[in-house]
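Let me begin by presenting the structure, written as structure tokens, before commenting on it.
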Amino acid sequence: MTDHVAVIGAGFAGLCMAMRLTRAGVTSFTVYEKADDLGGVWRDNTYPGAGCDIPSQLYSYSFAPREDWSRAYPGQPELLRYLHDCADAHGLRPRIRFGTEIVAASYDETHRRWELRTAAGRVHRARVLVTAVGQLNRPRFPDVPGRGDFAGTAFHSARWNHGHDLAGKSVGVIGTGPSAVQFVPRVARQARTLRVFQRSANWVMPKWDYRYGPVHQALFRTAPGRLAFRGGWFAFCDTVLYSAVRGGRLGKAVEYLCRRQLRTQVTDPALRAKLTPDFPLGCKRVLISDDYLPALGRDNVELITERVTRITPRGVVTADGAEHALDTLIYGTGFTATEFLAPVTVTGRDGRLLREETWADGAAAFLGMTVPGFPNLFLLYGPNTNLGNNSVVLMIEAQVRYVLDCLATLDRDGRGEWEVSPGAFAAFQDRVQEALGETVWQAGCDSWYKTATGRITNNWPYRAARYRALTRRPGRAAARPATKE
Ligand code: NAP
């Protein structure tokens, strides 16, 4: 049987696609999910303190508002529950094939359909393929020798070992990104000692998290109240925080807040010096936390800025030759974010391989969604659609709306394929790369936004509002997608 649509992944994006398909009356679709549960990053990241650093009003679907968020920045359990509730409200569970990992997708030109092969060797077919596999789902480990030699307990932040009690342990954490700043304060409270291995100091802005009281929740029960909160946060992120990633004047206000927080929360000048970034604000994802910097000032915590050079059975060796003995080693070292769609092997027209050939110099797609030579393939949260300053859920919703419009056009016109023209694709890439050249991400810092050669493959360089406008009508988008008969 050939489905109309196949969706790979049941995280924020895949569920959004499935909900909108259901609401649009499309019944012939299947969501393939490699794990046994839905939720994507919110299923995988269960580390202590895991939560969203974008306000819940904005980090949720506009068409599935929740009235009873407990706080401005909800924790992982609450976000995962939200996704479960959304799936249940739309009757999605029967549509999701859990425990089904798609390892290959190839386009069958004769029958104009995609063939999906699972890890178990089964084949499924669909006319249209929508990938929703995220950018941050494959843990990355530091490329230092000896990782397998460590005799203690080691794990990645996205695969937290809840069976391992940190009480009384000597713990090391490698990495100081957005994940680490959330769990370091919790680990610091449990462990006997904590050594945080920092490669680069980053900007930390206040989170100012707070619980929602009865007044907030009464407001959220009304449409105008929800709209005011969502709109307010959207405007703040798309102006003030956007200005920060473009090196604009409003961004200076954020820089001031970061500097003030560092000054007031870290009184030891030596520690403060170690925590002072040497790159412009926003070059890496800004850290948002009220309790990370104070945690580093605790008596049982040491911030180590010497490079990690080796891992031994006893612990971690740094560039000064010191060996730091540890019971537990936690990797807060992020994800292989520039390897889009990995490890699925995607083959388009004429047997062309997406990642290995078309994307040999880095992933790219028209509006982050379509690629010439790969008809009826749509990527959600694809290349250059991550935001450093706003909620990616906004981007995902815009993409889902775009895909639905394309599907409607295909059905209406009786066309067999939707495929972006090479010209529109190339013109779009030129514009995006030129705009990326004007952002702070281009400044001298490494981040998961860039490939090893420095090409920025992950981020959207404009405001979120612009993306939403560009994707509003597929046929009238800045560059018109071409369809072939
Ligand atoms: P990340 O931002 O990629 O940070 C990885 C950290 O590991 C960096 O501090 C990096 O140092 C360090 N590192 C990597 N290799 C190292 C090595 N060999 N030696 C020492 N340090 C090393 O990963 P992440 O913290 O997991 O966050 C990834 C993304 O997930 C975020 O940017 C964000 O988009 C998302 N996230 C979101 C939330 C949320 O609340 N919304 C929470 C967590 C994560 P350098 O800085 O020197 O490279």
Original post:
So which of Arg20, Arg112, Arg93, Arg81 is of a type in the set (Lys, Arg) and crowded, with 17+ Cβ neighbours inside 10 Å?
Top reply: Arg20
Original post:
Among (1) without any contact (Cβ under 8 Å) to a residue 40 or more places away in the chain; (2) open to solvent by 40 Å² or more (accessible area, probe 1.4 Å), where does Cys52 come up short?
Top reply: (2)
Original post:
Could you list, in sequence order, the residues of region 188-212 that are closer than 21 Å to Asp53 by Cβ and more than 14 Å from the ligand (Cβ to nearest atom)?
Top reply: Ala188, Arg189, Pro206, Trp208, Tyr210, Arg211, Tyr212
**OP:** State yes or no: is Arg127 open to solvent by 30 Å² or more (accessible area, probe 1.4 Å), more than 16 Å from the ligand (Cβ to nearest atom) and part of a helix (DSSP H, G or I)?
**Re:** no
**OP:** Could you tell me which numbered condition Trp42 fails, if it satisfies all but one of (1) within 11 Å of the ligand (Cβ to nearest atom); (2) modelled with pLDDT under 95?
**Re:** (2)
**OP:** Select, from Asp405, Asp430, Asp411, the only residue that is touching a helix residue (DSSP H, G or I) at 6+ places or on another chain (Cβ under 6 Å) and assigned to a helix (DSSP H, G or I).
**Re:** Asp405
Original post:
What is the one condition in (1) of a type in the set (Asp, Glu); (2) free of Cβ contacts under 8 Å to residues at least 12 places away in the same chain; (3) outside any helix (DSSP H, G or I) that Glu419 does not satisfy?
Top reply: (2)
**OP:** State all residues of region 322-364 that are in a loop (DSSP other than H, G, I, E, B), open to solvent by less than 50 Å² (accessible area, probe 1.4 Å) and without any contact (Cβ under 8 Å) to a residue 60 or more places away in the chain; if no residue qualifies, say none.
**Re:** Ala322, Trp359
Original post:
Does Val187 qualify as being in contact with a Leu (Cβ under 8 Å, 6 or more places away or on another chain), over 28 Å from Ala435 (Cα atoms) and either of a type outside the set (Gly, Ala, Ser) or assigned to a helix (DSSP H, G or I) (or both)?
Top reply: yes
**OP:** Answer with yes or no whether Tyr107 is modelled with pLDDT of 95 or more, touching a Gly at 6+ places or on another chain (Cβ under 7 Å), in a strand (DSSP E or B) and open to solvent by less than 30 Å² (accessible area, probe 1.4 Å).
**Re:** yes
Subject >> Residue match in region 315-327 (condition: touching a His at 6+ places or on another chain (Cβ under 7 Å) and among the hydrophobic types (A, V, I, L, M, F, W, C)) >> reply: yes
Subject >> When residues of region 143-159 are limited to those that are open to solvent by less than 30 Å² (accessible area, probe 1.4 Å) and touching a Phe, Trp or Tyr at 6+ places or on another chain (Cβ under 9 Å), the one farthest from the ligand (Cβ to nearest atom) >> reply: Phe155
Original post:
Got a number for residues in region 71-113 being of a type in the set (A, V, I, L, M, F, W, C) and within 14 Å of the ligand (Cβ to nearest atom)?
Top reply: 3
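Rundown of residues vs (1) under 23 Å from Val7 (Cβ atoms); (2) of a type in the set (A, V, I, L, M); (3) in contact with a Gly (Cβ under 9 Å, 6 or more places away or on another chain); (4) open to solvent by 10 Å² or more (accessible area, probe 1.4 Å), yes/no style:
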{"site": "Leu404", "(1), (2), (3), (4)": "yes, yes, no, yes"}
{"site": "Leu410", "(1), (2), (3), (4)": "yes, yes, yes, no"}
{"site": "Gly414", "(1), (2), (3), (4)": "no, no, no, yes"}
{"site": "Asp430", "(1), (2), (3), (4)": "no, no, no, yes"}
{"site": "Trp441", "(1), (2), (3), (4)": "no, no, yes, no"}
{"site": "Gly444", "(1), (2), (3), (4)": "no, no, no, yes"}
Subject >> Hits in region 305-339 - residues which are within 30 Å of the chain's Cα centre (by Cα) and away from the ligand (no atom under 15 Å from the Cβ) >> reply: Thr328
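The values are calculated or read from the model by the stated rules, or taken from the named source; none is laboratory data. Remember, it's a predicted structure, so these values are computed and weren't measured experimentally. Using ideal geometry, Cβ is built from the backbone for each residue, glycine included, and neighbour counts are taken over all protein chains shown. These accessible areas exclude ligands, DNA and RNA; they are computed on the full protein's heavy atoms, side chains included. Shrake-Rupley method; radii C 1.70, N 1.55, O 1.52, S 1.80 Å.
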